[in-house]
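Q: Below you'll find the structure I mean.
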Amino acid sequence: MTNLVVEVAVSSTPVYAGNNDGTLSYRVAPELSGQVQMGSLVLVPLGKRRAVGVVVAIKERTDRTELKDVAAVLVKEFLPPEMIEIGRYVAGRYVCPLAVAVNALMPPAAGRRLERRWCWLPSGEEGVNGAISLVSCLPAPAGDVAEYLSRRGAAWESQLLQLGPRREVRAALEALKAHGLVRNEWSWRGMPKERRLPTDVEGAAQAAAAKPDGTGRHITLDAAQLRAATSINAALGRGGTFLLYGVTGSGKTEVYLSCAAEALARGYQVMFLVPEHSLIPQMVTRINQRLEAEVAVVHGELADGERAAVWERARIGKVRVIVGTRAALFTPMPRLGLIVVDEEHAGSYKQDTAPRYDAREVAIKRGQLQRAVVVLGSATPSTEIFYLAGQGKIHLLELPQRAGNAGLPRVEIVDLRAEFHDGHHGILSRRLVEEINGVLTAGRQAILFLNRRGYAPYVLCRQCGHVPLCRHCAVALTYHRDGTLRCHYCGYIERAEGKCPVCGGNLSRLGSGTQRVEEEVRALWPGARILRADRDTTAKKGQWEKIYRTFAGGEADILIGTQTITKGMDFPGVTLVGVVNADLSLYQPDFRARERTFQLLTQVAGRAGRRDAPGTVVIQTYNPQDPAIALAAFQDYQRFYAQEIAMRRRLGYPPFVKLVRLGFTGSDEAEVIAAAHEVAELISNAESNIQVLGPAPGYPSRLKDLYRWQLMLKVPGWSRYKNRLTPILAPYIGGRRTIRMIVDVGPINPW
Ligand code: ADP
Ligand code: ZN
C-alpha cells in the first residue's frame, strides 16, 4: 500500500539532524491527503513538542511505519509554489539548508501564532436548550464558557481563558468536549478569512491610474525618461531585467513611479526595494503622491504582528505595493508584475547571515518565475551588473542628464598634503571653511560627510606606543566625547583613562570621527544650527526621521553625518557637500575598496544642488591623483568602469570568477587555522580548477572572543561547480563542536 509522505521545513530553529536540507519526513494520514499540497502550513510532532512547518515536497511511498504523521493541516494554500521555488533557489545557490531558506520566506513568528480554536456544536433551539440544561450540572465556569461560545459559534482559547481562572476554564472546556458540545482545532491566529486571491483585478485596476504629483507639479517625462519607461512597460506581463543607469537627479524614481502606475493599472502588484530602512519614508511619500493603491512597508524593525499582517494581505492580493529593505523580497505577491531595486550597487542587498543571499540575484530569479519585470537602478551601477548589461544579458536604459536642467555640481578636490605643508592642521581645509562661510551667508545648507562615528578612531601613547584595544576583538577602541572608549565591532565600552595604563604617559586622540568634526564646526560657527547623524544619534526609533525632517525643513544649516545621509536623500536647500576624508574607504582590505570609494563620492556629490541652485562639492584627500577619487569628481562612471573591469579581468575577480568565502570561527586559534587548512586541501584535491586563497585572518582577526580565518575560493562558474562543492562543504556547515564554518557565495562586504 502506498502512502503520501511529505518533506516539511520546520519553522523553529533549523534542524540539521534530518538531512542536508534540514527538512523532515512525515506521513500523511489518508483523511488528510486531500488537504495537503506544496506550500501547505502543517502542524507536525517534533520530539515531545509540536511545531509548524511548510510542505516543500510530496512523494508517494510504500508504507514506512517509522514515520510520524502530520498532526494537522493548518492552511492548505500557504506559500505559493513560486515561493517554494525561490526557497530552493536560495538554498542551492547560497549553500544553506532548505529549511533555513524557507524560514526566510515565512511570516515572522508563524509558530507562535498557533492557537486552539473552540467551536460550539449544538444547533437549533432544541439542541441549544438541551445543551444548556446539560451544562448546569457541570463545574463552575462551564456555564459562562458555554454561553460565550454558543453566542459566537467559535472563539480562541486565549479569549475563553479570560472568563475565569485558567485551570477551571480548561477543565470546563474538557468537560464540554467530553459531552460532545464543543470541539477544538489548532489554527493559525491572525489569518484572515479570505484565502482566495481577488479575481476582480480589473475593478482594482481602475483606481490605480496615475494622478498628478502631490506637490501640485505635473510631471511629464522627458525624452530619455519616456524611452526608458516605454521599454519597461512593454515588458510588463512578459518579464525581463533592466538596468536603469542615470546620474543622481536624472529622474530614475520618476521612471519607477510611471512604470508602477502602468503595472497597477494592468492589475499587477509592485515591489520597491531600497537599501536601507531610512530610505523607506521618502519612497513611500513619493509613491503616495503619485499612485492610488494600498502601500505597505516591510523592514526589520516592524513588529512581528505588523509584518505578518502585511505578509498575509500581500499574499491575498490586497496590498498592491510593497516598499521595503531586502527582506521584503520574500513577501508573497501572486500578481507581482514589477520589482524595482533602487540603488542597486548598495552592499546592503547582500545578507550577511544565513541565508546569505544577494537580493539582486533573487529578484531576478523571482522575476523569471513570476514573469515580473525587474528594474535595477543606480547612478553608479555595480561592476558586475554593468558588465551583464554590456553583454546584453540585462537591458541597459540610460538617463544621461539631470532632470529639469539642473546642472551637475562643481567638484573641487583639496589636497590635504598641501594643507599640511602650509601648516594648516584643522580637520576642515581653508577651502572648505570658505565655502561653508559662503553657504551660511547665503542662507543655504551644507552637508559634511565622514564615514566614521565617535570622536577619535584610536588613542595612542606617544611615549610607549600603547594603543587601547578591545578585550574581545582585535581592533583599536574609538574615543567618544562622553569620555568612553568603545569597540565599534562588539559594543564593548570602558572609561577612557587620562594616562597610559602601561607607562603613565599622556594619551593622544588620533584621527577624526563625526563628533570631532561637530566640535570643530561649532567652534568655527557658534551661531550655526548644527545636526549630527550617525549611529550614536539615530539608533533609537524615530531619531533619524526627526533629524531628516528638521534638516529638510530648513531648520538647520549644517548636517554632519556618516553613510546614512548619503543615499537617495533629496535636500533641495543643500548647495554644498564636504567630504571630510575621502581616503577612509580607499584603504579597506578588499578588491572592492576602489569601487566603493567611487560610488560613495559620486553619491555624496549627487546631494549638492539638485534643483535651481548650482551646487559645490569639496573632496578632501591625501590621494588626489587616485582614479577612484579623480573620476568621481567628474562623475565619470564610464571611465571608472572601463578601468575597473580591466583590473578585474587582469586579476581574476568577479564577474570573471565567482568568489566564495569560507569563514572559520572558534575560540582556539590553532584549531581554527587547522580547520581552514583541512578544507582548503579537500577542495584543492577535488577541484583543480578552483583557486583556493588563504587561509588568511579575517578583519578583525578576533571578534567577540572568537578567532576568525578565511579561505577565498575563485570558482570559474558557480552554477557548474556548486553541485560539486556543496557535498564537500556540507559536513562542515553548521559546525563541528568547536569550529563553525560559514559559506558566503558572492560576498560583497569584507569579513
Ligand atoms: P533620481 O531618482 O534619479 O535621483 P528623481 O526621480 O528623484 O531622480 O528626480 C530628481 C528631481 O527631479 C525630483 O524632484 C523629481 O521630481 C524631478 N524630476 C524628475 N524628472 C522630472 C520631469 N520629467 N519633470 C519635472 N521634474 C522632474
Ligand atoms: Zn570588541
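Q: Read phi for every residue in the stretch 132-147 and hand back ³J(HN,Hα) as whole Hz from Karplus 6.51 cos²θ - 1.76 cosθ + 1.60, θ = phi - 60°, with x for Gly and Pro.
A: Going residue by residue, I get 4, 5, 5, 5, 4, 8, 8, x, 2, x, 4, x, 4, 4, 5, 5 Hz, with x marking Gly and Pro.
Q: Filter 350/658; 658/722; 48/76; 252/546; 499/704 down to the pairs with a C-alpha to C-alpha distance above 20 Å, please.
A: 48/76; 252/546; 499/704
Q: Please report, to one decimal in angstroms, the Kirkwood hydrodynamic radius of the chain built from all distinct Cα-Cα pairs.
A: 29.3 Å
Q: What order do you get for 678-688, 303-313 when each peptide is scored by the mean count of other beta carbon atoms within 10 Å, highest first?
A: Peptide ranking by packing, descending: 303-313, 678-688.
Q: Follow-up. Calculate for the chain the 222 nm mean residue ellipticity that helices alone would give, adding -39,500 (n - 2.57) per DSSP H run of length 4 or more and normalising by residue count, nearest 500 deg cm²/dmol.
A: The helix contribution divided over the chain gives -10000 deg cm²/dmol.
Q: Can you tell me the Rg and the Dmax, both Å, for the Cα atoms in the stretch 311-414?
A: Just the Cα atoms of the stretch 311-414 yield Rg and Dmax of 16.4, 56 Å.
Q: Still on this structure, I have one more. What is the P(r) of the stretch 454-582, as percent of Cα-Cα pairs per 5 Å bin from 0?
A: Spelled out per bin, shortest first, that is 2, 10, 17, 19, 18, 13, 10, 7, 4, 1, 0.
Q: Another question about this same structure. Can you tell me the FRET efficiency between residue 699 and residue 649 if r is taken as the Cβ-Cβ distance and R0 is 22 Å, rounded to the nearest 0.05?
A: Values: r = 26 Å, r/R0 = 1.18.
It comes to 0.25.
Q: From the convex hull of the Cα coordinates of the stretch 378-523, what is the mean projected area in square nanometres?
A: Orientation-averaged projected area of the Cα hull: 14.5 nm².
Q: Next question, about the same structure. Can you sort 316, 619 by how many other beta carbons sit within 10 Å, fewest first?
A: 316, 619
Q: Here's another thing I want to ask about it. Quick one: Cα centre-to-centre distance for the stretch 351-389 and the stretch 492-513, in angstrom?
A: Each part reduced to its Cα centre gives a spacing of 45 Å.
Q: First select every other residue whose beta carbon is under 13 angstrom from the beta carbon of residue 556; then total the charges, Lys and Arg +1, Asp and Glu -1.
A: Summing Lys and Arg as +1 and Asp and Glu as -1 gives +3.
Q: Of the peptides 354-365, 50-61, how do they stack up when ordered by the mean number of other Cβ atoms within 10 Å, highest first?
A: Result, highest mean first: 354-365, 50-61.
Q: Karplus couplings for the stretch 704-712 from phi (6.51 cos²θ - 1.76 cosθ + 1.60, θ = phi - 60°), rounded to Hz, Gly and Pro as x?
A: Karplus-based 3J(HN,Hα) across the stretch 704-712 equals 6, 6, 10, 7, 10, 10, 9, 10, 10 Hz.
Q: If you count, for each residue, the other Cβ atoms within 10 Å and average over each peptide, how do 74-81, 378-385, 433-440, 131-138 line up from highest to lowest?
A: On the way: 74-81: 19.1, 378-385: 23.6, 433-440: 17.1, 131-138: 14.6.
Put in order of decreasing packing, that is 378-385, 74-81, 433-440, 131-138.
Q: So what's the convex hull volume per residue for the Cα atoms of the stretch 223-299, in Å³?
A: Expressed per residue, the convex hull around the Cα atoms of the stretch 223-299 is 108 Å³.
Q: So, one more: In whole Å, what are the Cα extents of the stretch 32-101 along the three principal axes, biggest one first?
A: Reported extents, whole Å, longest axis first: 34, 26, 24.
Q: Using a 10 Å cut-off around each Cβ, can you sort 596, 266 from fewest to most neighbouring Cβ atoms?
A: 266, 596
Q: I need the P(r) histogram for the stretch 261-333: all alpha carbon pairs, bin width 10 Å from 0 out to the longest distance, whole percents.
A: Cα pair-distance distribution for the stretch 261-333, in percent: 21, 56, 23, 0.
Q: If you don't mind, another one. Please give every one of the aspartates and glutamates within straight-line cross-link reach of residue 365, meaning a C-alpha to C-alpha distance under 12 Å, and leave out same-chain neighbours fewer than 8 residues apart.
A: Candidates past the 8-residue exclusion: 82, 85.
Q: I would also like to ask the following. Quick one: P(r) of the stretch 577-684 from all Cα-Cα pairs, 10 Å bins, percents rounded to integers, in order of increasing distance.
A: Going out from 0 Å in 10 Å bins, the stretch 577-684 shows 13, 32, 24, 18, 11, 3, 0 percent.
Q: Okay, next question. Please work out the FRET efficiency for the pair residue 718 and residue 425, using the Cβ-Cβ distance as r and a Förster radius of 56 Å; give the result to the nearest 0.05.
A: About 0.65, to the nearest 0.05.
Q: Measure nothing fancy, just the Cα-based angle from helix 81-93's long axis to the longest principal axis of the chain, in degrees from 0 to 90, nearest 10.
A: In the chain, helix 81-93 runs at an angle near 50 degrees to the longest axis.
Q: A further question follows. Label residue 115 and residue 738 with points 7 Å out from Cα along Cα→Cβ: what is the distance between them in nm?
A: Placing both labels 7 Å along Cα→Cβ, they lie 4.8 nm apart.
Q: Give the lysines whose C-alpha is closer than 17 Å to that of residue 318, dropping any in the same chain fewer than 8 places away, or say none.
A: Cα-Cα hits under 17 Å: 193.
Q: How high is the relative contact order of the stretch 344-444? Use alpha-carbon pairs under 8 Å, at least six apart in sequence, and give a whole percent.
A: Worked out over the stretch 344-444, it gives 15 percent.
Q: Given the C-alpha centroids of the stretch 274-342 and the stretch 690-751, what is the distance between them in whole angstrom?
A: 33 Å
Q: Taking each pair of distinct Cα atoms in the stretch 420-505 once, what is the resulting Kirkwood hydrodynamic radius in Å?
A: The Cα-based Kirkwood calculation yields 15.6 Å.
Q: So, R0 is 60 Å and r is the distance between the beta-carbons of residue 587 and residue 31; what FRET efficiency does that work out to, to 0.05?
A: 0.35
Q: Here's a follow-up. So how compact is the stretch 548-592: Cα radius of gyration and Dmax in angstrom?
A: Just the Cα atoms of the stretch 548-592 yield Rg and Dmax of 13.4, 41 Å.
Q: Give me, ordered by chain and number, the residues 5 or more places off residue 350 or on other chains with an amide H under 5 Å from its own placed amide H.
A: Correct list: 359.
Q: In square nanometres, what is the average projected area of the Cα convex hull of the stretch 656-743?
A: If I average the Cα hull's projected area over directions, I get 5.4 nm².
Q: What does the net charge come to around residue 543 if you take all other residues with beta carbon closer than 13 Å to its beta carbon, with K and R at +1 and D and E at -1? Intermediate values should be presented prior to the final figure.
A: On the way: positive: 532, 535, 540, 541, 546, 549; negative: 301, 534, 536, 545.
Here the count lands on +2.
Q: Provide 271, 647 in ascending order of the number of other Cβ atoms located within 10 Å of each residue's Cβ, fewest first.
A: Sorted ascending by nearby Cβ count, the order is 647, 271.
Q: For residue 296, which sequence-distant residues (separation of 5 or more, or a different chain) have an amide H within less than 5 Å of its own amide H, given hydrogens modelled in the peptide plane?
A: 321, 322, 323
Q: Output wanted: per-residue J couplings in Hz (rounded whole) for the stretch 557-564, from phi through Karplus 6.51 cos²θ - 1.76 cosθ + 1.60, θ = phi - 60°, x for Gly and Pro.
A: Coupling constants for the stretch 557-564: 9, 10, 10, 9, x, 9, 2, 3 Hz.
Q: Starting from the amide H of residue 241, placed 1.01 Å from N in the peptide plane, find each other amide H under 5 Å away whose residue is 5 or more places distant or on another chain.
A: The answer is 374, 395.
Q: Expressed as cubic angstrom per residue, what is the convex hull volume of the alpha carbon set of the stretch 56-166?
A: Details: hull volume 23.0 nm³, N = 111.
Given the Cα convex hull of the stretch 56-166, per-residue volume reads 207 Å³.
No value in this document is a laboratory result; all are computed from the given coordinates. From a predicted model like this one, the values you see are computed outputs, not experimental measurements. Virtual Cβ from ideal backbone geometry, glycine too; neighbours counted across all protein chains shown.
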